[in-house]
Amino acid sequence: MKKISAILLFTLIANFSFGQDIDKIINAKEVERIERVLSADDMQGRKPFTPGIEKAAAFIAGEFANIGLQTLNNSGTYLQSFAMLQPKFISASCTFDGIQVDTRDVIVITAKEELKIDERSGFEKGMIAAGANFNTEARKFVVSGKKYLVLVDTSFAKSFNNLTRYKSRLYSSQSDVVFVLAVKAPLAYTVEAKHTFTEQKLANVAGVLPGKSRKNEYVIISGHYDHLGIMGKDRQGNILTDSIFNGANDDAAGTTAVIMLAKYFKTLHNNERTIIFVAFTAEEMGGFGATYFSRQMDPETVKAMFNIEMIGTESKWGKNSAYITGYEKTDMGKLLQGNLEGTGFSFYPDPYTKENLFYRSDNATLARLGVPAHTISTSKMDNEPNYHKASDEIGTLDMENMAMIIKAVALSSKGIISGKETPSRVNTSELN
């Protein structure tokens, strides 16, 4: 009995000490310090291609340096820089079996200044048939990495011009995709298009904590650090007295979590798997930062992704709770909750499935490749009063609750970080 009592006492002391240690690292005071910097007016809303986002990137990189993280691929910089191309349309023409197609019915996605193709150019033929999910099917062709001539059923005539959003900014490696509004596939065709391009620089901010026994197995902890910038009017056209969209919750909150978790795991120094901490750019513009990052990774080596977005307000269940998007697609949520037994914190499945959140944040690119990549959030998507508004400021956030959520991510991920637990993969055949 004395021996059992001693063991129980030792366990209680160890758990109490561990709790004390995590509170020293992850606490409301530190949450507020980082949040206050990232959501300050002098960050100008952290819009891509502005001095504000460059200032934010420098701050995050400085935090990673102070923590002692390594740079990605030993590059010597925490900035994962890349370029986007902004095209300016000049002209386009298309013929199907010798008959001229109305240029309004042709949209060319290309990173080439001059594109000239015909039926001998090796383009695969695709189709978006009547009744299909138009946006989902279009996206599959754009991101396929293959050259396509895609026939779009005329039932989508009203939505067809929406495809121009895919050419607003392009990677230099973008494969050529031509969409044509038509009902019948041609035997012979020609397509010619001319554009000029302006190169624009972007950068993710990434730091690495190498694993011990499983260095080539990766866990990604991420959030996006960009936001909407400065706008004179809201989306309803109302003139704003406060023009800076600070994005304190969206997603300075997630970026704050990434920095604090980096400090926590660096202090523990017992991760068997390699952890990559990354703040993504240009999420609000279409997930360009996460997409670029994901393309540099072998998805088979990524064992899990914790993407953290908008955790600054209470969830619909109140404090000490959050939800996980795509909960049913892997067993990752169950693993995380299992490690939180006795803490009073709960992870729930995403209650806003109609919002399609699993595909709307930076987890989506890797999830589509089979990685158990999920977003953790508390945002009440049916009633979040400051979402994408100038009122998304630090004063609207609950620092204590944010700290609890970050601690919950830290504690719940221990099995995955240690390599003792590996979530099931996403079944890519079931993805939208």
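A few comments on the model shown:
- Matching residues in region 266-297 - criterion: being more than 28 Å from Asn249 (Cβ to Cβ) and part of a strand (DSSP E or B): Arg273, Thr274
- When region 205-233 is filtered for residues that are without any contact (Cβ under 8 Å) to a residue 24 or more places away in the chain and in a strand (DSSP E or B), only Lys233 remains.
- Selected residue (only one of Ser222, Ser213 is under 22 Å from the mean Cα position of the chain (by Cα) and at negative phi): Ser222
Let's see how each residue does on (1) over 30 Å from Ile60 (Cα atoms); (2) at pLDDT 95 or above; (3) small (Gly, Ala, Ser); (4) not in a strand (DSSP E or B):
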{"site": "Leu163", "(1), (2), (3), (4)": "yes, yes, no, yes"}
{"site": "Tyr166", "(1), (2), (3), (4)": "no, no, no, yes"}
{"site": "Val178", "(1), (2), (3), (4)": "yes, yes, no, no"}
{"site": "Pro186", "(1), (2), (3), (4)": "yes, yes, no, yes"}
{"site": "Ala193", "(1), (2), (3), (4)": "yes, yes, yes, no"}
{"site": "Thr198", "(1), (2), (3), (4)": "no, yes, no, no"}
{"site": "Ala203", "(1), (2), (3), (4)": "no, yes, yes, no"}
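- Any chance Pro299 is within 30 Å of Glu272 (Cα to Cα) and touching a Leu at 6+ places or on another chain (Cβ under 6 Å): yes
- Among the residues listed as Ser93, Ser81, Ser39, the single one being more than 21 Å from the chain's Cα centre (by Cα) and of a type in the set (Ser, Thr, Tyr): Ser93
- Selected residue (only one of Ile90, Ile60 is surrounded by fewer than 17 Cβ atoms within 10 Å (Cβ to Cβ), modelled with pLDDT of 95 or more, of a type in the set (A, V, I, L, M, F, W, C) and under 30 Å from Thr198 (Cα atoms)): Ile90
- Residue ID - surrounded by the fewest Cβ atoms within 10 Å (Cβ to Cβ), chosen from residues in region 350-387 that are within 14 Å of the chain's Cα centre (by Cα) and among the small types (Gly, Ala, Ser): Ala364
- For region 16-66, a residue qualifies if it is at positive phi and in a helix (DSSP H, G or I), and the qualifying residues are Gln44, Gly45, Arg46.
- Residues satisfying the stated conditions in region 103-139, i.e. touching a residue at least 60 places away in the same chain (Cβ under 8 Å) and either assigned to a strand (DSSP E or B) or aliphatic (A, V, I, L, M) (or both): Val106, Ile107, Val108, Ile109, Ala111, Glu114, Leu115, Lys116, Ile117, Asp118, Lys125
- Leading residue by the ranking (surrounded by the fewest Cβ atoms within 10 Å (Cβ to Cβ)) among those in region 139-160 that are more than 12 Å from Leu181 (Cβ to Cβ) and aliphatic (A, V, I, L, M): Val143
- Qualifying residue in region 239-253 (condition: assigned by TED's automatic domain parsing to the domain that holds Tyr292, surrounded by fewer than 15 Cβ atoms within 10 Å (Cβ to Cβ) and without any contact (Cβ under 8 Å) to a residue 40 or more places away in the chain): yes
The values are calculated or read from the model by the stated rules, or taken from the named source; none is laboratory data. It should be emphasised that the depicted structure is a prediction, and the values quoted were computed from it without experimental measurement. Note that we place each Cβ from the backbone using ideal geometry, even for glycine, and neighbour counts take in every protein chain shown.
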